[in-house]
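> Input: one structure, supplied below.
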Amino acid sequence: MAYQRDFASAPVSTAPIGIFDSGVGGLTVLREIDRQLPHESILYVGDTARLPYGDRSPDEILQFVREIMTWMMAQGVKMVMMACNTSSALALEQVQAEFPIPILGLIHPGARAAAQAGQRIGVIATPATVASDAYRQAILEVDATKQVWQVGCPKFVPLIEQNRLQHLETVEVAKTYLQPLIAANIDTLIYGCTHYPHLAPVFKTFLPATIQRIDPAQSMVKAAVKELELLDLKSTVPGRPTQFFVSGCPDQFAHLAARLLGPTPMVEQVNFELAVQPSQPGRRG
Ligand code: DGL
């Protein structure tokens with residue numbers, strides 16, 4: 001797909017940065033952006049009507065990402081950060097080739113940070129991310145001597161999206177998923193899904209403190225800072241309040257986001273499927 005950018009609408013530093021996830025996972029990335037890039041305006045997309053992405057096929061994920069990218073381009077974003085590992089693992093290279101703005105993913109920044117931190121690396125991620133083997137490959141590209149264990153955790157995203165963070169069931173599920181990694185004696189753990197940092201207080205109750213936790217968002221946002229500076233696109237004036245758009249129920253998202261973030265956000269509903277019409281010329285299936 002060749003997405004044409006009109007030169008008259010070349011990005012300016014005050015244009016928003018788009019970030020997207022299937023749901024509230026992207027809020028952990030938003031927190032990091034607020035810390036490292038406090039002057040940026042953010043446009044947040046949560047594709048809540050179609051979550052979890054982690055159970056979807058690679059074709060479906062690519063299709064969803066194309067739709068969201070197309071919609072974000074129409075909103076005039078200057079950069080996109082994928083706040084979703086599953087999308088980063090399965091669609092990043094493809095959409096980077098299709099859309100004429102910088103698009104950053106989480107896998108390589110996370111893999112580099114983990115490879116610097118330790119030798120025995122555990123990855124917890126969605127089934128789709130684990131099946132892609134993206135983290136293992138990216139870590140071994142950095143250093144082929146590293147050892148990598150990956151665990152798919154299909155129950156985490158539904159538990160978080162259903163606001164069941166404090167439930168006993170969540171602790172039990174977490175122990176079951178993490179047990180093989182503890183048994184493998186990992187020294188480093190990658191949060192390979194942006195939802196999982198929301199579970200950090202749960203992990204803390206049983207995960208040995210010696211295991212270093214890597215949140216790939218920290219390194220991705222660091223890379224975004226560099227890229228914005230290089231392109232002279234970093235905002236120097238205070239940004240507008242974050243705008244939230246979801247494909248599912250805005251109230252449900254606002255309620256959960258308030259619990260995880262603090263203030264209750266204003267959330268609008270959008271059908272991202274409409275962004276890419278089947279008849280659009282040049283569209284690839
Ligand atoms: N938070 C996303 C990720 O980082 C997607 C989770 C999902 O919807 O399964 O992979």
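The values are calculated or read from the model by the stated rules, or taken from the named source; none is laboratory data. What you see is a predicted model, and the numbers here were worked out from it, not measured in a lab. Glycine gets a Cβ as well: all are built from the backbone with ideal geometry, and neighbour counts include every protein chain shown. Protein only, heavy atoms only, side chains kept; ligands, DNA and RNA dropped before computing areas. Shrake-Rupley method; radii C 1.70, N 1.55, O 1.52, S 1.80 Å.
> If Gly239 satisfies all but one of (1) farther than 27 Å from Ala125 by Cβ; (2) buried (at least 19 other Cβ atoms within 10 Å of the Cβ); (3) more than 19 Å from the chain's Cα centre (by Cα), what's the number of the condition it fails?
(2)
> Where in the stretch 68-172 are there strands (runs of 3 or more DSSP E), lying wholly inside it, with at least 2 residues that are free of Cβ contacts under 8 Å to residues at least 24 places away in the same chain and within 16 Å of the ligand (Cβ to nearest atom)? Break it down stepwise before answering.
Values: elements: 79-82, 120-125, 147-152.
So the answer is none; nothing clears 2.
> Please find, among Leu62, Leu51, the residue that is touching a Leu at 6+ places or on another chain (Cβ under 9 Å), within 16 Å of the ligand (Cβ to nearest atom), at pLDDT 95 or above and open to solvent by 10 Å² or more (accessible area, probe 1.4 Å). Before you say what the answer is, go through the steps one by one.
On the way: Leu51 fails: touching a Leu at 6+ places or on another chain (Cβ under 9 Å).
Step by step, each of Leu62, Leu51 is checked, and only Leu62 is touching a Leu at 6+ places or on another chain (Cβ under 9 Å), within 16 Å of the ligand (Cβ to nearest atom), at pLDDT 95 or above and open to solvent by 10 Å² or more (accessible area, probe 1.4 Å).
> Report, ordered by the first and then the second residue, all pairs with beta carbons closer than 8 Å, sequence separation of six or more or different chains, a first member in the stretch 190-208 that is assigned to a helix (DSSP H, G or I), and a second member that is charged (D, E, K, R) and away from the ligand (no atom under 12 Å from the Cβ).
Ala200/Arg213; Phe203/Arg213
> For Tyr177, only one of the following conditions fails: (1) crowded, with 21+ Cβ neighbours inside 10 Å; (2) within 15 Å of the ligand (Cβ to nearest atom). What is its number?
(1)
So that you can scan it fast, the table gives a plain yes or no per residue for (1) out of contact with any Phe, Trp or Tyr (no Cβ under 7 Å at 6 or more places or on another chain); (2) open to solvent by less than 20 Å² (accessible area, probe 1.4 Å); (3) of a type in the set (A, V, I, L, M, F, W, C):
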{"site": "Ile182", "(1), (2), (3)": "yes, no, yes"}
{"site": "Asp187", "(1), (2), (3)": "yes, no, no"}
{"site": "Val202", "(1), (2), (3)": "yes, yes, yes"}
{"site": "Met220", "(1), (2), (3)": "yes, yes, yes"}
{"site": "Leu230", "(1), (2), (3)": "yes, no, yes"}
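> Go through the residues of the stretch 75-92 one by one and say whether even a single one is surrounded by fewer than 24 Cβ atoms within 10 Å (Cβ to Cβ) and under 14 Å from Ser247 (Cβ atoms).
no
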